[in-house]
Amino acid sequence: MMRTISYTLLFAVAAFLPAPATSATGEPDLQQMWQLLQAQQAQIAELTDALQATRAELEATRGSVQETREQLVATADYVDTLESSDRSSATSIGGYGEMHYSNVDARDADLDYKEADFHRFVMFFGHEFNDRIRFFSEVELEHSLVEDTDDGSGAGEVELEQAFVEMDLDDHHYARAGLFLLPIGILNETHEPPTFYGVERNDVESIIIPSTWWEGGIGAGGRYGNGLSWDFAVHTGLEMPTAGGGAFAVRSGRQKLSEANADDLAYTLRLRYTGIPGLELAGSYHYQQDPTQLAGDGVDDGRLVSVHGIYDRGPFSLKALWARWQFDGAGIELADADEQTGWYVEPGLRIDLAGLDIGIYGRFEDVEGARAQDRFEQWQVGLSYWPIENVVFKLDYRDREHDLDAQQGRDFNAVDLGVGYYF
């Protein structure tokens, strides 16, 4: 290509060269010939310089094209790196844990005990697939280990407490499917140790609302700018035993979605209002078609209603919750377990004391569960210290008195110590 350009330029220049002067005979003399040769040499030199400049420009252009190509490749590689980084940053890991020490002084000396236990070690794993679809999971190890014993009682548990996919339908509504915590009460969805007072979780939200309570199913909800929200789910339900020590006890009926009996499903609805800063008001309704998953056993259906309020403004906080189960059926009525209720109230004060973040609280609970030992009143006071927001040290004192005379041997006073964290 370069050679073709050179010939073309030579012919073009030659076409414009002046015609040589001639002598009287019509032919140029020697001097004229010499001048002509010199002029042609000068023009050829100029043409050569032009050719070299053109060649240099072409070479520079070729180098620029190569450089541009390399820059494009480098940019594409960088974009791939950024996309890979974004995908990696969309995956999140978190968790919480708590260790307890309890010194229980019961009226019946056989029920006295002193115990230390790493009660819960929990890990969260989540991933944002895109702006609309996400995944969340929670895996828990209870009591530090899992062990089989000769008597079959075992020790500890490894549990999958959450594993669901959630999708935003629009700016205000979502849908989810999988294994998730039911939207009932205060603690069931939010139970990381630094978020609540007391070494142990309150008993109403353990016996009446069997926190933590998870099921498998589908759900949907809405969140609105005025502070109103709703959640609704169709899911698996309880399989309460009708005999033995845990007969008709709600907590004993949790299936934990381990090959869960799904003959009869359950439904949960919650309405919540948070439109005033520091205030939360909520109510839940749960309906269970057959809480035992067994027809003709004296238990028909069950309904759980719960309401709660939280006021947290400045140093002062106040929590109150009431929950009630109503079961139908001759068998459960005969066992005097058709109504199971509980309520508690808990004022608290969180202050800066000599540079320390300290919380002081009191709690009163009234529990009327299915088992005789689950019918009691309990007073509790304690304090918490947060060296940072996500770590807490706890101390509390409990005084429990049972309703039935036959259970008064279980009355106790207890001192508890605990440490908890989440991230």
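The values are calculated or read from the model by the stated rules, or taken from the named source; none is laboratory data. In this text, all values refer to a predicted model and were calculated from it rather than measured experimentally. Cβ sites come from the backbone with ideal geometry, for glycine too, and all protein chains shown count toward neighbours. Calculation scope for accessible area: heavy atoms of the full protein, side chains included, ligands and nucleic acids excluded. Shrake-Rupley method; radii C 1.70, N 1.55, O 1.52, S 1.80 Å.
Within the stretch 176-189, can one find any residue that is in contact with a Phe, Trp or Tyr (Cβ under 8 Å, 6 or more places away or on another chain), assigned to a strand (DSSP E or B), among the small types (G, A, S) and open to solvent by 40 Å² or more (accessible area, probe 1.4 Å)?
yes
In the stretch 174-192, what residues are under 21 Å from H100 (Cβ atoms) and within 16 Å of the chain's Cα centre (by Cα)? Before you say what the answer is, go through the steps one by one.
Initially, the stretch 174-192 is screened for residues under 21 Å from H100 (Cβ atoms), giving 186-188, 190-192.
Scanning the stretch 174-192 gives L187, N188, T190, H191, E192.
For the stretch 217-267, how many residues meet the condition of being outside any strand (DSSP E or B), among the aliphatic types (A, V, I, L, M), free of Cβ contacts under 8 Å to residues at least 60 places away in the same chain and surrounded by 14 or more Cβ atoms within 10 Å (Cβ to Cβ)? Walk me through it before giving the result.
First pass over the stretch 217-267, keeping only residues outside any strand (DSSP E or B): 224-227, 236-265.
Add one more test, that the residue is among the aliphatic types (A, V, I, L, M), and what stays is 238, 240, 243, 247, 249-250, 257, 260, 262, 265.
In the following step, the residues that additionally are free of Cβ contacts under 8 Å to residues at least 60 places away in the same chain were identified as 240, 243, 260, 262, 265.
Keeping just the survivors that are surrounded by 14 or more Cβ atoms within 10 Å (Cβ to Cβ) gives 240, 260, 262, 265.
Residues meeting the conditions: 4.
Among the candidates P193, P210, which residue alone is in contact with a helix residue (DSSP H, G or I) (Cβ under 6 Å, 6 or more places away or on another chain) and either at pLDDT below 95 or open to solvent by less than 30 Å² (accessible area, probe 1.4 Å) (or both)? Don't jump to the end; show me each part of the working.
Details: P193 fails: in contact with a helix residue (DSSP H, G or I) (Cβ under 6 Å, 6 or more places away or on another chain).
Step by step, each of P193, P210 is checked, and only P210 is in contact with a helix residue (DSSP H, G or I) (Cβ under 6 Å, 6 or more places away or on another chain) and either at pLDDT below 95 or open to solvent by less than 30 Å² (accessible area, probe 1.4 Å) (or both).
Does Q71 satisfy the condition of being open to solvent by 90 Å² or more (accessible area, probe 1.4 Å), in a helix (DSSP H, G or I) and at pLDDT below 75? Break it down into steps so the answer makes sense when it comes.
On the way: open to solvent by 90 Å² or more (accessible area, probe 1.4 Å): yes; in a helix (DSSP H, G or I): yes; at pLDDT below 75: yes.
Answer is yes for this residue.
Of A406, A414, which residue is out of contact with any Cys (no Cβ under 9 Å at 6 or more places or on another chain), in contact (Cβ under 8 Å) with a residue 24 or more places away in the chain, aliphatic (A, V, I, L, M) and not in a strand (DSSP E or B)? I'd like the intermediate steps shown before the answer.
On the way: A414 fails: not in a strand (DSSP E or B).
Of A406, A414, the one residue that is out of contact with any Cys (no Cβ under 9 Å at 6 or more places or on another chain), in contact (Cβ under 8 Å) with a residue 24 or more places away in the chain, aliphatic (A, V, I, L, M) and not in a strand (DSSP E or B) is A406.
Considering each residue of the stretch 275-294, count those that are among the charged types (D, E, K, R) and under 19 Å from A323 (Cα atoms), and give that number. Outline the logic, then answer.
In the first step, residues of the stretch 275-294 are kept if they are among the charged types (D, E, K, R); the result is 280, 290.
Now drop any that are not under 19 Å from A323 (Cα atoms), which leaves 280.
Total satisfying the criteria: 1.
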